[in-house]
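Worksheet: one structure, shown below.
The values are calculated or read from the model by the stated rules, or taken from the named source; none is laboratory data. All values derive from a computational prediction rather than experimental measurement. Glycine also receives a Cβ, built like all others from the backbone with ideal geometry; neighbour counts cover every protein chain displayed. Keep in mind that these areas ignore ligands, DNA and RNA; they rest on the heavy atoms of the full protein, side chains included. Shrake-Rupley method; radii C 1.70, N 1.55, O 1.52, S 1.80 Å.
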Amino acid sequence: MTEVAVAGGLPAGPAESEWAAAVAAVRDLPADARVLLICHVNPDGDALGSMLGFGLGLRQLGVRDLQATFPGPPEVPEPFRWMPGVELLVPQDDTYPDPDLVICFDAASESRLGDLVGRLDTAGTSLVLDHHASNTGFGRINLVDPHAAATSVVALELLDRLGATLDAEVATGLYVALTTDTGSFRFEATTPAVHRMAARLLATGIRPGDISRRVFDTRPFGAVRLFGEVLGRATLEPAAAAGHGLVWTYATREDLVRHDQPAYVLEALIDSVRCTEEADVSCVIKQAGEAEWAVSLRSKGAVDVSAVAVALGGGGHRFAAGFTGRGALDELVGRIRAELATATLVAP
Ligand code: AMP
Ligand code: MN
Ligand code: MN
């Protein structure tokens with residue numbers, strides 16, 4: 001994809017020719033085509049919601065042989081298990097080895113596809129739907145719009161161009177995606193266009209109260225206790241990030257075992273940590289293996305945490321990013337501190 005700089009510093013969205021190529025890639029599929037949808041590892045609401053909403057739209061358009069998947073263990077996090085379209089999900093090892101078309105959702109780079117990355121080579125063609133400014137353009141066709149609040153914005157535009165009807169099932173996934181990535185319409189990305197899209201989705205009859213309760217406001221009592229413990233050990237470093245402040249905490253696998261909780265419950269933890277008034281940057285470090293940690297970074301706007309995450313091997317958006325860290329916890333925190341000390345400041 002040719003990227004053209006526009007006001008605001010973000011690359012422009014997809015060119016008309018790219019949209020036309022994407023429409024043709026779907027519309028010209030033979031009747032017996034096998035289509036494989038893949039979203040990023042450790043899928044969140046945007047990854048799963050965009051993928052399943054779009055998948056249901058494709059099925060409505062007549063695609064019969066359709067699978068959806070994500071890398072790693074095939075467990076769908078509890079908050080998303082009720083979503084329409086979960087019946088499309090297949091464990092990664094059971095997916096078509098050589099699909100006619102692969103479509104990737106919310107993945108900024110091939111590394112986010114884990115063991116499924118090889119499907120990009122064995123597929124007839126590949127289409128990438130995403131909204132990360134850092135997207136590497138790893139698809140044959142790339143619909144990447146860094147101005148889109150969620151990948152589901154891109155997914156809906158493609159469904160519209162394909163002539164799909166927006167029904168409540170399709171809308172549910174797209175709405176879960178939109179609310180996840182806008183922090184329920186609280187973040188800066190919440191433009192008038194986002195609210196117009198939400199209005200279209202709600203007009204299908206979906207119930208926002210039920211959806212929010214299931215996705216954001218339900219967790220086991222054990223997770224409430226676990227959060228108490230992990231928040232109790234949060235550390236505030238006002239001098240970090242060149243004086244903008246850092247608040248961080250961590251959770252080990254042992255913490256999860258002690259409270260009998262699955263790992264996904266920790267995904268919501270960053271939202272409790274990032275409230276900290278005294279820190280621009282917040283960080284949650286979640287143990288993923290013996291010496292492996294999934295790190296979430298958030299910024300209130302002073303520091304570009306995507307640059308920090310990229311420097312440490314990950315990626316993301318300016319104000320929400322992450323990476324996988326290795327080694328001892330204190331060394332990892334030291335590396336984060338060091339990157340933050342020289343981090344790019346976002347222009348006011
Ligand atoms: P999270 O903190 O996991 O909610 O992720 C926040 C943002 O950072 C999302 O846009 C992710 O796509 C991105 N991100 C998280 N972890 C990684 C990683 N290991 N590599 C690249 N990007 C990541
Ligand atoms: Mn995501
Ligand atoms: Mn996203």
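To keep it simple, each residue is scored yes or no on (1) open to solvent by 40 Å² or more (accessible area, probe 1.4 Å); (2) polar (S, T, N, Q); (3) farther than 24 Å from HIS131 by Cβ.
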residue	(1), (2), (3)
ALA288	yes, no, yes
ALA294	no, no, no
LEU297	no, no, no
ASP304	no, no, no
THR324	yes, yes, no
GLU331	yes, no, yes
GLY334	no, no, yes
LEU340	no, no, yes
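Out of the residues in segment 30-47 that are open to solvent by less than 40 Å² (accessible area, probe 1.4 Å), in contact with a strand residue (DSSP E or B) (Cβ under 6 Å, 6 or more places away or on another chain) and more than 16 Å from VAL153 (Cα to Cα), which is nearest to ligand 2 (Cβ to nearest atom)? Spell out how you get there, then give the answer.
First pass over segment 30-47, keeping only residues open to solvent by less than 40 Å² (accessible area, probe 1.4 Å): 33, 35-40, 43, 45-47.
Now restrict to residues that are in contact with a strand residue (DSSP E or B) (Cβ under 6 Å, 6 or more places away or on another chain): 35-39, 47.
Imposing the further condition that a residue be more than 16 Å from VAL153 (Cα to Cα) reduces the set to 35-38.
Working: VAL35: 21, LEU36: 19, LEU37: 14, ILE38: 13 Å.
Among those that are open to solvent by less than 40 Å² (accessible area, probe 1.4 Å), in contact with a strand residue (DSSP E or B) (Cβ under 6 Å, 6 or more places away or on another chain) and more than 16 Å from VAL153 (Cα to Cα), it is ILE38.
When both residues are 6+ apart or on different chains and their Cβ atoms are under 9 Å apart, which pairs have a first residue that lies in segment 205-229 and is over 28 Å from LEU166 (Cα atoms), and a second that is hydroxyl-bearing (Ser, Thr, Tyr)?
PHE227/SER272
Taking into account only those residues within segment 107-145 that are more than 22 Å from ALA309 (Cβ to Cβ), among the hydrophobic types (A, V, I, L, M, F, W, C) and assigned to a strand (DSSP E or B), which is nearest to ligand 1 (Cβ to nearest atom)?
So the residue we want is LEU143.
If you go through segment 20-41 one residue at a time, how many are modelled with pLDDT under 95 and either within 20 Å of LEU178 (Cβ to Cβ) or in a helix (DSSP H, G or I) (or both)? It would help to see each step written out before you state the result.
Going residue by residue through segment 20-41, those that are modelled with pLDDT under 95 are 31.
Filter again for either within 20 Å of LEU178 (Cβ to Cβ) or in a helix (DSSP H, G or I) (or both), leaving none.
Of the residues in segment 20-41, 0 are modelled with pLDDT under 95 and either within 20 Å of LEU178 (Cβ to Cβ) or in a helix (DSSP H, G or I) (or both).
Pairs please, first residue from segment 29-45 and within 13 Å of ligand 3 (Cβ to nearest atom), second anywhere and part of a strand (DSSP E or B) and aliphatic (A, V, I, L, M), Cβ atoms under 9 Å, 6+ apart in sequence or on different chains.
Partner pairs satisfying both residue conditions: CYS39/ALA68; ASN42/ALA288; ASN42/ALA294.
Filter segment 155-181 down to residues that are of a type in the set (A, V, I, L, M), touching an Asp or Glu at 6+ places or on another chain (Cβ under 9 Å) and away from ligand 1 (no atom under 14 Å from the Cβ), then give me how many there are.
3
Please find, among ALA239, ALA279, the residue that is aliphatic (A, V, I, L, M), part of a loop (DSSP other than H, G, I, E, B) and free of Cβ contacts under 8 Å to residues at least 12 places away in the same chain. Can you show your working first?
Working: ALA279 fails: free of Cβ contacts under 8 Å to residues at least 12 places away in the same chain.
Selected residue: ALA239, the only one of ALA239, ALA279 that is aliphatic (A, V, I, L, M), part of a loop (DSSP other than H, G, I, E, B) and free of Cβ contacts under 8 Å to residues at least 12 places away in the same chain.
How many residues are at pLDDT 95 or above and within 16 Å of ligand 3 (Cβ to nearest atom) if we restrict to segment 120-133?
Keep residues of segment 120-133 that are at pLDDT 95 or above, which gives 120-132.
Next, from what is left, pick out any that are within 16 Å of ligand 3 (Cβ to nearest atom): 128-132.
So the answer is 5.
Which one of the conditions (1) in contact with a strand residue (DSSP E or B) (Cβ under 8 Å, 6 or more places away or on another chain); (2) within 16 Å of ligand 3 (Cβ to nearest atom) does PHE80 fail to meet, given that it meets all the rest?
Every listed condition holds for PHE80 apart from (1).
Please find, within segment 8-19, the residue that is surrounded by the fewest Cβ atoms within 10 Å (Cβ to Cβ) out of those that are part of a loop (DSSP other than H, G, I, E, B) and out of contact with any strand residue (DSSP E or B) (no Cβ under 8 Å at 6 or more places or on another chain). Give the derivation first.
So the first thing to find is which residues in segment 8-19 are part of a loop (DSSP other than H, G, I, E, B), and the list is 8-10, 12-15.
Narrowing the set further to residues that are out of contact with any strand residue (DSSP E or B) (no Cβ under 8 Å at 6 or more places or on another chain) leaves 8-10, 15.
On the way: GLY8: 8, GLY9: 11, LEU10: 15, ALA15: 15.
Residue satisfying both the conditions and the ranking: GLY8.
Conditions tested, residue by residue: (1) open to solvent by less than 10 Å² (accessible area, probe 1.4 Å); (2) of a type in the set (A, V, I, L, M).
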position: ASP121; (1), (2): no, no
position: VAL128; (1), (2): yes, yes
position: THR136; (1), (2): no, no
position: ILE141; (1), (2): no, yes
position: SER152; (1), (2): yes, no
position: LEU158; (1), (2): yes, yes
position: ALA168; (1), (2): no, yes
position: GLY173; (1), (2): yes, no
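I want to confirm something. Restricting to segment 98-119 and keeping residues that are of a type in the set (D, E, K, R) and crowded, with 24+ Cβ neighbours inside 10 Å, which single residue is farthest from ligand 3 (Cβ to nearest atom)? If you could, list the steps in order and put the result at the bottom.
Initially, segment 98-119 is screened for residues of a type in the set (D, E, K, R), giving 98, 100, 106, 110, 112, 115, 119.
With crowded, with 24+ Cβ neighbours inside 10 Å added as a condition, the list becomes 106, 112.
Values: ASP106: 4, ARG112: 11 Å.
For segment 98-119, the residue satisfying everything is ARG112.
Here's a check for you: in segment 321-346, which residue that is farther than 12 Å from TRP293 by Cα and of a type in the set (Val, Ile, Thr) is farthest from ligand 2 (Cβ to nearest atom)?
If we filter segment 321-346 for residues that are farther than 12 Å from TRP293 by Cα, which is where we start, we get 321, 334-346.
Those left that are additionally of a type in the set (Val, Ile, Thr): 336, 342, 344, 346.
Values: ILE336: 21, THR342: 27, THR344: 22, VAL346: 21 Å.
Result: THR342.
Looking at LEU202, LEU143, can you tell me which residue is touching a Pro at 6+ places or on another chain (Cβ under 9 Å), more than 21 Å from HIS317 (Cβ to Cβ) and touching a residue at least 24 places away in the same chain (Cβ under 8 Å)? Working first, answer last.
Values: LEU143 fails: more than 21 Å from HIS317 (Cβ to Cβ).
Being touching a Pro at 6+ places or on another chain (Cβ under 9 Å), more than 21 Å from HIS317 (Cβ to Cβ) and touching a residue at least 24 places away in the same chain (Cβ under 8 Å) holds for just one of LEU202, LEU143, which is LEU202.
Please go through segment 286-332 and give me each residue that is β-branched (Val, Ile, Thr) and either farther than 22 Å from ALA47 by Cα or away from ligand 1 (no atom under 11 Å from the Cβ) (or both), ordered by number. Quick ask: steps written out before the conclusion?
The first filter runs over segment 286-332 and keeps only residues β-branched (Val, Ile, Thr), leaving 295, 303, 305, 308, 310, 324.
Within segment 286-332, VAL303, VAL308 meet the criteria.
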